[in-house]
Amino acid sequence: MGFLNNTNITVDAVLTKKGRELLAKGENQFNITKFALADDEVDYRLWDVTHPNGSDYYGTVIENMPLLEAFPDENHVMRYKLVTLPKSTQAMPILEVAQSAVTLRRLNSVSIINPSTQNGSDDTLGYTFILHNQSVARLRVRAGAQVSAGGTTVPFFLDEDDLPNSISVVGKSVEIRPKRLTRTQTTQLTIVGNETAATTTINLTVNRNRTFGVASAANPPSGFLP
């Protein structure tokens, strides 16, 4: 979605391929249950507290910035979603992980993802870990409750290519193990704080491993999602 301009409150909505399919089927299958808001086009560094006309004009430049038109590509839109935080919040929560990227080179490799939240806490509800392509790796929750399906407690949307083959779990930390592959593949792991909505995404690369390892795709390590 997007505003057509910043003078009239007119909203332009573009349906994804899946949305058009549901709308064409009729029978109330097209039913919007969640939505998210974002401020991708806003550069808050332009807030000018030195404006000669006073505080009423601090945000003049921001208020007159061009607004994005609607387009259904989550890689370029809705990247900075708005969230509701306590009034006492003085800094935006930041989700941190030790790894900027993960590469699993052998079938018996394992990587432990243990996120933490700065300027906030996700200790109660933990994190949602979204593996964009579950055909390349397995997830197992090391701490916290495990959920094999469903979504985050805050809006997060995958593109139409990732969504059918994605999987999500909820917990405090996870293990990632590769599946047996005949070619090297790359996907992403997105982590969302279920209380603060802080989000980060890391790249996951699984090397070709058909000649290595001690497990097989038919006999995954115990406790891992298929």
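What follows is calculated from the coordinates using simple rules that are stated; it is not laboratory data. This is a predicted model, so every value here is computed, not measured. Every residue, glycine as well, gets a Cβ built from its backbone with ideal geometry; the counts of neighbours run over all protein chains shown.
Excluding Asp123 itself, calculate the net charge of residues whose Cβ lies under 13 Å from the Cβ of Asp123, where each Lys or Arg counts +1 and each Asp or Glu counts -1. Don't jump to the answer; show the numbers that get you there.
Details: positive: Lys172; negative: Asp122, Glu195.
Neighbourhood net charge equals -1.
Taking neighbour Cβ counts within 10 Å as the exposure measure, how do Lys17, Lys172 sort from fewest upward? Could the numbers behind the result be given before it?
On the way: Lys17 8, Lys172 17.
The fewest-first ordering by Cβ neighbours comes to Lys17, Lys172.
Report the local net charge at Ser55: Lys and Arg +1, Asp and Glu -1, summed over other residues whose C-beta lies under 14 Å from its C-beta. List each step's numbers first, then the result.
Numbers: positive: none; negative: Asp48, Asp56, Glu63.
Its environment carries a net charge of -3.
Amide H of Thr103 versus every other amide H placed in the peptide plane: which residues, excluding those fewer than 5 positions away on the same chain, fall under 5 Å?
For Thr103, whose amide H was placed from the backbone, the distant partners under 5 Å are Thr205.
Cut-off is 10 Å between beta-carbons; in what order do Ser168, Ser135 appear when sorted fewest neighbours first?
Neighbour counts put them in this order, fewest first: Ser135, Ser168.
Beta carbons within 10 angstrom, averaged per residue: use that to sort the peptides 82-92, 184-194, highest first. Mind dumping the intermediate values first?
On the way: 82-92: 9.8, 184-194: 19.2.
The most tightly packed comes first, giving 184-194, 82-92.
How would you rank Ser166, Ser55, going from fewest to most other Cβ atoms within 10 Å of each one's own Cβ?
Details: Ser166 17, Ser55 8.
Ascending number of Cβ neighbours within 10 Å: Ser55, Ser166.
Can you run phi through the Karplus equation (6.51, -1.76, 1.60; θ = phi - 60°) for the stretch 43-60 and list ³J(HN,Hα) in whole Hz, with x for Gly and Pro?
Whole-Hz 3J(HN,Hα) from phi for the stretch 43-60: 10, 6, 5, 7, 5, 10, 7, 9, 4, x, 8, x, 5, 5, 10, 4, x, 4.
Ordered by residue, what ³J(HN,Hα) values in Hz, to whole numbers, does the stretch 187-197 give under the Karplus form 6.51 cos²θ - 1.76 cosθ + 1.60, where θ = phi - 60° and Gly and Pro are x?
Rounded to whole hertz, the list is 9, 9, 10, 9, 10, 10, x, 6, 10, 9, 6.
Of Lys25/Lys81; Lys34/Lys172; Lys25/Lys87; Lys17/Lys87; Lys25/Lys172; Lys81/Lys172, which ones are farther than 32 Å apart at the Cα?
Working: Lys25/Lys81 30 Å; Lys34/Lys172 25 Å; Lys25/Lys87 44 Å; Lys17/Lys87 39 Å; Lys25/Lys172 40 Å; Lys81/Lys172 22 Å.
From the list (Lys25/Lys81; Lys34/Lys172; Lys25/Lys87; Lys17/Lys87; Lys25/Lys172; Lys81/Lys172), the Cα-Cα distance tops 32 Å for Lys25/Lys87; Lys17/Lys87; Lys25/Lys172.
For every other residue with a beta carbon closer than 14 angstrom to the beta carbon of Val97, add +1 if it is Lys or Arg and -1 if Asp or Glu, then tell me the sum.
Numbers: positive: Arg142, Lys172; negative: Glu96, Asp122, Glu175.
Once positives and negatives cancel, what remains is -1.
Under the Karplus relation 6.51 cos²θ - 1.76 cosθ + 1.60, θ = phi - 60°, what is the ordered set of whole-Hz ³J(HN,Hα) values for the stretch 33-41, x standing for Gly and Pro?
10, 9, 8, 9, 10, 9, 10, 4, 7
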